[in-house]
Amino acid sequence: MMKILVTGGAGFIGSNFVCYLLREHPDWEVTNLDKLTYAGNLENLGDVEGNPGYHFVKGDITDRELVDKLLGQGFDVVVNFAAESHVDRSILDSSPFIRTNVQGTQVLLEGARQHKVKLFLQVSTDEVYGSLGAPGKFTEESPLLPNSPYAASKAAADCLCRAYYHTYGLPVVITRCSNNYGPFQFPEKLIPLVITNALESKEIPVYGDGLNVRDWIHVEDHCRALDLIIQQGKPGEIYNIGGNCEETNLQLVHCILAIMGKPRSLITFVADRPGHDRRYALETSKIERELGWRPAILLGEGLRGTVQWYIQNQSWWQRVKSGEYVEYYERMYSQRAGSG
Ligand code: NAD
Ligand code: DAU
């Protein structure tokens with residue numbers, strides 16, 4: 001039996017992970033601490049509702065008292081997903097990114113130290129390494145060269161995790177994963193944005209020349225890697241997790257439109273994201289060698305399943321694509337028009 005505190009478990013990857021854990025380990029106990037920001041949605045957790053091994057706590061990871069009280073209940077593992085996660089939003093306003101991603105991580109680390117948690121798993125990102133122009137891939141030893149306020153906040157959190165390992169001996173593992181896709185992804189991110197706009201026959205905004213490259217991984221493969229790391233990861237280590245599947249944004253959008261039988265004429269080239277990283281690519285031989293993990297879901301297969309999921313869950317994304325979402329888009333595009 002393992003007692004796990006998952007933070008940010010009502011978001012995209014966190015909710016997939018909570019469901020994954022309780023499916024794979026029916027005897028584990030999972031508590032989900034989530035603030036329920038615009039990105040958190042309890043509907044994502046329908047599969048575990050009523051499961052006696054699942055508990056939900058609404059709260060903020062920057063709340064020291066709450067975190068202390070919760071961790072005082074005795075957890076073996078903390079998995080920290082809670083974050084502001086969208087690069088474009090961090091360009092509009094970086095303050096919530098610093099508060100949650102940096103201060104929040106510090107509060108969790110301190111609570112984990114006080115209450116002697118056996119493993120603190122920090123879910124980080126390949127964006128901390130910055131941008132790759134030429135061929136080559138980021139290894140776990142590559143320098144941290146973040147370019148967006150989001151990436152900088154995640155890099156700062158990684159540094160704090162490293163410091164808690166070296167200074168206090170807190171058993172910390174950092175994972176750095178590439179771009180995830182799959183069910184329950186908030187439609188501000190490229191893949192669900194393309195699918196849902198195409199379903200509504202709306203324009204598909206492609207930033208700049210569309211030739212920026214991302215490495216895509218299905219969220220289920222990411223969850224499987226994190227589960228393995230909980231069981232076999234070595235404290236103090238960093239593990240890259242990637243799909244080994246590089247595509248330009250334009251290739252990816254063409255592929256989704258082809259799956260959906262929608263015309264390429266929906267594509268509209270729009271002003272580029274300021275500081276837009278050109279390419280991410282990860283060297284993943286460490287996790288393959290040490291833990292025997294490899295991505296299992298091919299992009300074409302994963303995209304077809306994801307398109308099907310958004311077709312079958314129209315009410316989910318139609319609800320999320322309203323209110324705050326609409327205001328955010330208006331603010332983002334008016335700022336970009338103003339600076340362009
Ligand atoms: P998301 O935006 O979908 O979900 C974030 C969740 O965190 C939401 O449920 C939100 O309510 C919660 N949250 C935000 N602030 C909080 C706070 N102060 N206290 C408690 N809960 C809070 O994010 P995601 O895409 O699922 O990403 C999850 C994690 O994985 C993030 O740390 C992100 O940096 C990392 N990551 C994401 C990707 C990706 O492609 N999406 C890739 C690599 C790493
Ligand atoms: O690499 C991991 C990261 O992947 C995570 O750490 C982040 O949390 C996650 O949001 C994601 O960041 P990206 O910035 O790469 O993802 P996004 O979906 O925002 O954009 C993917 C690419 O598509 C990027 O090059 C920008 C481009 N894009 C994005 C949007 C939203 C467009 O061309 N048009 C769009 O409308």
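The values are calculated or read from the model by the stated rules, or taken from the named source; none is laboratory data. None of these values were measured; they are calculated from a predicted model. Counting neighbours? That spans all protein chains shown, and the Cβs are built from the backbone with ideal geometry, glycine included.
What the table below lists for this structure:
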{"quantity": "Yes/no for G302 being under 18 Å from the mean Cα position of the chain (by Cα), more than 30 Å from R162 (Cα to Cα) and at pLDDT 95 or above", "calculated": "yes"}
{"quantity": "Residue among V128, V123 that alone is assigned to a helix (DSSP H, G or I), touching a residue at least 12 places away in the same chain (Cβ under 8 Å) and within 11 Å of ligand 2 (Cβ to nearest atom)", "calculated": "V128"}
{"quantity": "Candidate set from the range 95-120 (those that are touching a residue at least 12 places away in the same chain (Cβ under 8 Å) and in a loop (DSSP other than H, G, I, E, B)); member that is farthest from ligand 1 (Cβ to nearest atom)", "calculated": "K118"}
{"quantity": "Selection count where residues are crowded, with 24+ Cβ neighbours inside 10 Å, of a type outside the set (D, E, K, R) and within 13 Å of ligand 1 (Cβ to nearest atom), scope the range 17-34", "calculated": "4"}
{"quantity": "Answer residue from the range 305-340, given it is surrounded by fewer than 15 Cβ atoms within 10 Å (Cβ to Cβ) and of a type in the set (K, R) and is farthest from the chain's Cα centre (by Cα) among those", "calculated": "R331"}
{"quantity": "For L170: the one exception among (1) more than 15 Å from ligand 1 (Cβ to nearest atom); (2) surrounded by fewer than 20 Cβ atoms within 10 Å (Cβ to Cβ); (3) outside any helix (DSSP H, G or I)", "calculated": "(2)"}
{"quantity": "Qualifying residue in the range 89-107 (condition: over 16 Å from A157 (Cα atoms), among the small types (G, A, S) and away from ligand 2 (no atom under 16 Å from the Cβ))", "calculated": "no"}
{"quantity": "Residue selected from the range 233-253 under the condition polar (S, T, N, Q) and in contact (Cβ under 8 Å) with a residue 24 or more places away in the chain, by the criterion nearest to S124 (Cα to Cα)", "calculated": "N240"}
{"quantity": "Which numbered condition G233 misses (of (1) in contact with a Gly (Cβ under 7 Å, 6 or more places away or on another chain); (2) of a type in the set (G, A, S); (3) under 30 Å from E24 (Cα atoms))", "calculated": "(1)"}
{"quantity": "L42 being more than 21 Å from Y325 (Cβ to Cβ), at pLDDT 95 or above and away from ligand 2 (no atom under 16 Å from the Cβ)", "calculated": "no"}
{"quantity": "All positions within the range 13-58 that are more than 25 Å from S315 (Cα to Cα), within 19 Å of the chain's Cα centre (by Cα) and not hydrophobic (A, V, I, L, M, F, W, C)", "calculated": "T31"}
{"quantity": "Residue list for the range 272-293, restricted to those being more than 13 Å from ligand 2 (Cβ to nearest atom) and under 14 Å from A151 (Cα atoms)", "calculated": "none"}
{"quantity": "In the range 157-192, the residues that are out of contact with any strand residue (DSSP E or B) (no Cβ under 6 Å at 6 or more places or on another chain), farther than 27 Å from W316 by Cβ and within 16 Å of ligand 2 (Cβ to nearest atom)", "calculated": "A157"}
{"quantity": "Residue selected from the range 199-237 under the condition part of a helix (DSSP H, G or I) and either at pLDDT below 95 or of a type in the set (V, I, T) (or both), by the criterion nearest to ligand 1 (Cβ to nearest atom)", "calculated": "V219"}
{"quantity": "Extreme residue, farthest from I191 (Cα to Cα), among residues of the range 254-264 that are in contact (Cβ under 8 Å) with a residue 60 or more places away in the chain and out of contact with any Ser or Thr (no Cβ under 8 Å at 6 or more places or on another chain)", "calculated": "M260"}
{"quantity": "The one condition in (1) within 16 Å of ligand 1 (Cβ to nearest atom); (2) on the phi < 0 side of the Ramachandran plot; (3) not aromatic (F, W, Y) that G323 fails to fulfil", "calculated": "(2)"}
